[in-house]
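Novice: So that we are looking at the same thing, I have put the structure below in structure tokens.
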Protein chains: 2
Amino acid sequence: MAISFTEENYLKVIHRLSEATSEDISTNAVAELMQTKAASVTDMLRKLADKGWVNYQKYQGVRLSAEGEKIALSIVRKHRLWEVFLVDKMGFNWDEVHEIAEQLEHIESDQLVNKLDEYLGFPKTDPHGDPIPNKEGVLPELAYSHLSDIKATKTCKLMGVAQDSAVFLQLLTKLNLNLGAKLDIKEINEFDRSIFVSINDAAPIFISHEVAKNILVKI
Amino acid sequence: MAISFTEENYLKVIHRLSEATSEDISTNAVAELMQTKAASVTDMLRKLADKGWVNYQKYQGVRLSAEGEKIALSIVRKHRLWEVFLVDKMGFNWDEVHEIAEQLEHIESDQLVNKLDEYLGFPKTDPHGDPIPNKEGVLPELAYSHLSDIKATKTCKLMGVAQDSAVFLQLLTKLNLNLGAKLDIKEINEFDRSIFVSINDAAPIFISHEVAKNILVKI
DNA sequence: TTAAATTTTTAGGTTAATCTAAAAATTATT
DNA sequence: AATAATTTTTAGATTAACCTAAAAATTTAA
Ligand SMILES: [Mn+2]
Ligand SMILES: [Mn+2]
Ligand SMILES: [Mn+2]
Ligand SMILES: [Mn+2]
């Protein structure tokens, strides 16, 4: 069945919200991520339910059907593969690629996606450490922790970020916090939960709890 | 000013028609290439004129303004660069790339286009021999002849095609008629204007006038 | 140079996606 | 349990892009 960019974006947003909870997703939550009004969301949910991509009962919230999940994962796959392409092949920085990938994720050609995947060497994660679903829509399981949950004196490795915003990514770059960086947690300050940490064995610096919450690490 | 995919496609079609003539372009001609109705074209031409991208007076036909020309050329540039990418980097055949490029040509990022151009080695032509406008929108001048206009016993080189259709391109591939092929015209048959030609010094074969008309060569 | 044929435009509708404002349902609070 | 607050849906419009049918303008032919 034909699908519009807008419908794809709704499915993607419902998918994203569903990753964080097992509850049904509220109209308002979708509206906020879609940057639209609840009334528009209601219209669209009816339409997506008619097409069989979501299960929706009014006032009860929405969740993806098996088919909707498959579509959402294929868009996520495209988004993340294109981000790898933009960074690895086109030389963009990790804070510059999200908006372009938002466009590229809607390009429709299975052949192209699979050739791109191969060309990039079948990457498991995108430039932000997010897992890339394979051809069958299976997401590799990556059990990462938030840096903010790690105890003092531990050593860990920066594996990803929990946020794609350009300002956040640019800050990390400025602090030398890149994917793969080795982090030695020297001390956690009780007062503001800021972390005194050495990055790749350099002289330790302070990073805020707010930043640490958005950094994903492997111990 | 914001531009929709549809508007971009109209500008591209008007541009294509304008290459073949210095006359104003008729509503019907646009309708045919856009695969839509004349009434819809009239609506859109009024809109494009309001935006300053075409000069249009009712019943008098349409032509691109300087700004419209610039937009059209930037879309052509993107289309052809992506086609090069698909063939050179993704390993597609020349008959498989047009439809995908129709989608990719609407991706909006000057940075990406210019990085792609560089990554591809600043190609002058696409996989069909069509010239690629540079960053400033200047088309390299390629003075090619139609194979159907070459006299017998001449030797020439296949530089491009005058048609992108998959069936035509697949036929050329089957006949070993690829870009850069050396063509020795042995004889032209007066009856059906078919051509007896040797391709890359192989045993000569017959090709129809219809095919020859759509092959571009350099002597 | 009038009449016929063709092209193009206008008139009036449709569909997808959005909006605001008001009504209805659900959830939270006394 | 009743009321208040919040969330969600419905009602009614708007805009972009398209359609068919009819009217108007232009071009061609008699
Ligand atoms: Mn992204
Ligand atoms: Mn990402
Ligand atoms: Mn093409
Ligand atoms: Mn081409």
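The values are calculated or read from the model by the stated rules, or taken from the named source; none is laboratory data. These numbers were taken from a predicted model, which means no experiment stands behind them. For neighbour counting, all protein chains shown are included, and Cβ atoms are generated from backbone atoms with ideal geometry for every residue, glycine included. Surface accessibility is based on the protein's heavy atoms, side chains included, excluding ligands, DNA and RNA. Shrake-Rupley method; radii C 1.70, N 1.55, O 1.52, S 1.80 Å.
Novice: Would you confirm whether any residue within segment A:49-69 is within 11 Å of DNA strand D (Cβ to nearest atom), in a helix (DSSP H, G or I) and open to solvent by less than 60 Å² (accessible area, probe 1.4 Å)? Steps first, answer last, please.
Specialist: Within segment A:49-69, the first condition is being within 11 Å of DNA strand D (Cβ to nearest atom), and the residues that meet it are A:49, A:56-62.
Now restrict to residues that are in a helix (DSSP H, G or I): A:49.
If we keep only those that are open to solvent by less than 60 Å² (accessible area, probe 1.4 Å) too, we end up with A:49.
Yes, there is a match, as at least one residue in segment A:49-69 is within 11 Å of DNA strand D (Cβ to nearest atom), in a helix (DSSP H, G or I) and open to solvent by less than 60 Å² (accessible area, probe 1.4 Å).
Novice: Which numbered condition trips up B:V138, out of (1) over 17 Å from B:H15 (Cβ atoms); (2) open to solvent by 60 Å² or more (accessible area, probe 1.4 Å)?
Specialist: (1)
Novice: If we scan segment B:58-65, do we find a residue that is in contact (Cβ under 8 Å) with a residue 40 or more places away in the chain and out of contact with any strand residue (DSSP E or B) (no Cβ under 6 Å at 6 or more places or on another chain)? Quick ask: steps written out before the conclusion?
Specialist: Looking only at segment B:58-65, we keep the residues that are in contact (Cβ under 8 Å) with a residue 40 or more places away in the chain, and these are B:62-64.
Next, from what is left, pick out any that are out of contact with any strand residue (DSSP E or B) (no Cβ under 6 Å at 6 or more places or on another chain): none.
For segment B:58-65, residues in contact (Cβ under 8 Å) with a residue 40 or more places away in the chain and out of contact with any strand residue (DSSP E or B) (no Cβ under 6 Å at 6 or more places or on another chain): absent.
Novice: For segment B:107-118, name all the residues that are in contact (Cβ under 8 Å) with a residue 24 or more places away in the chain and either open to solvent by 50 Å² or more (accessible area, probe 1.4 Å) or of a type in the set (A, V, I, L, M) (or both).
Specialist: Within segment B:107-118, B:I107, B:V113, B:L116 meet the criteria.
Novice: Regarding segment A:97-114, can at least one residue be identified that is more than 14 Å from chain B (Cβ to nearest Cβ) and not charged (D, E, K, R)?
Specialist: No, segment A:97-114 contains no residue that is more than 14 Å from chain B (Cβ to nearest Cβ) and not charged (D, E, K, R).
Novice: From the set of residues in segment B:95-106 that are more than 16 Å from DNA strand D (Cβ to nearest atom) and charged (D, E, K, R), which is least open to solvent (accessible area, probe 1.4 Å)?
Specialist: Taking the candidates together, the pick is B:D95.
Here's the yes/no breakdown for (1) within 16 Å of ligand 1 (Cβ to nearest atom); (2) open to solvent by less than 40 Å² (accessible area, probe 1.4 Å):
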residue	(1), (2)
A:I3	no, no
A:K12	yes, yes
A:S22	no, no
A:I25	no, yes
A:K37	no, no
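Novice: To continue, here is another question. Just to verify a result, which residue in segment B:100-136, among those that are closer than 15 Å to A:L104 by Cα and within 16 Å of the chain's Cα centre (by Cα), is nearest to ligand 3 (Cβ to nearest atom)?
Specialist: Filtering segment B:100-136 for residues that are closer than 15 Å to A:L104 by Cα and within 16 Å of the chain's Cα centre (by Cα), the one nearest to ligand 3 (Cβ to nearest atom) comes out as B:A101.
Novice: If you don't mind, there's one more thing I want to ask. Suppose we filter segment A:118-137 for residues that are within 13 Å of chain B (Cβ to nearest Cβ) and closer than 23 Å to A:A66 by Cβ; how many remain?
Specialist: 0
Novice: Against the definition (more than 18 Å from A:H128 (Cα to Cα), buried (at least 16 other Cβ atoms within 10 Å of the Cβ) and not β-branched (V, I, T)), how does A:D184 come out, yes or no?
Specialist: On the way: more than 18 Å from A:H128 (Cα to Cα): yes; buried (at least 16 other Cβ atoms within 10 Å of the Cβ): yes; not β-branched (V, I, T): yes.
It is true that A:D184 is more than 18 Å from A:H128 (Cα to Cα), buried (at least 16 other Cβ atoms within 10 Å of the Cβ) and not β-branched (V, I, T).
Novice: Kindly provide the set of residues from segment A:74-96 that are of a type in the set (A, V, I, L, M) and within 15 Å of A:E108 (Cα to Cα), ordered by number. Steps first, please.
Specialist: Step one: filter segment A:74-96 for residues of a type in the set (A, V, I, L, M), giving A:75-76, A:81, A:84, A:86-87, A:90.
A:I75, A:V76, A:L81, listed by residue number.
Novice: If you go through segment B:70-94, how many residues are open to solvent by 30 Å² or more (accessible area, probe 1.4 Å) and within 14 Å of another protein chain (Cβ to nearest Cβ)?
Specialist: Adding up the residues that qualify gives 5.
Novice: Residues that are among the β-branched types (V, I, T), open to solvent by 60 Å² or more (accessible area, probe 1.4 Å) and more than 24 Å from B:V76 (Cα to Cα): does segment B:196-218 have at least one?
Specialist: Checked against the condition, which is being among the β-branched types (V, I, T), open to solvent by 60 Å² or more (accessible area, probe 1.4 Å) and more than 24 Å from B:V76 (Cα to Cα), segment B:196-218 yields no hits at all.
Novice: Of a type in the set (S, T, Y) and within 30 Å of A:I71 (Cα to Cα), is that true of A:S148?
Specialist: Spelling it out, it is not the case that A:S148 is of a type in the set (S, T, Y) and within 30 Å of A:I71 (Cα to Cα).
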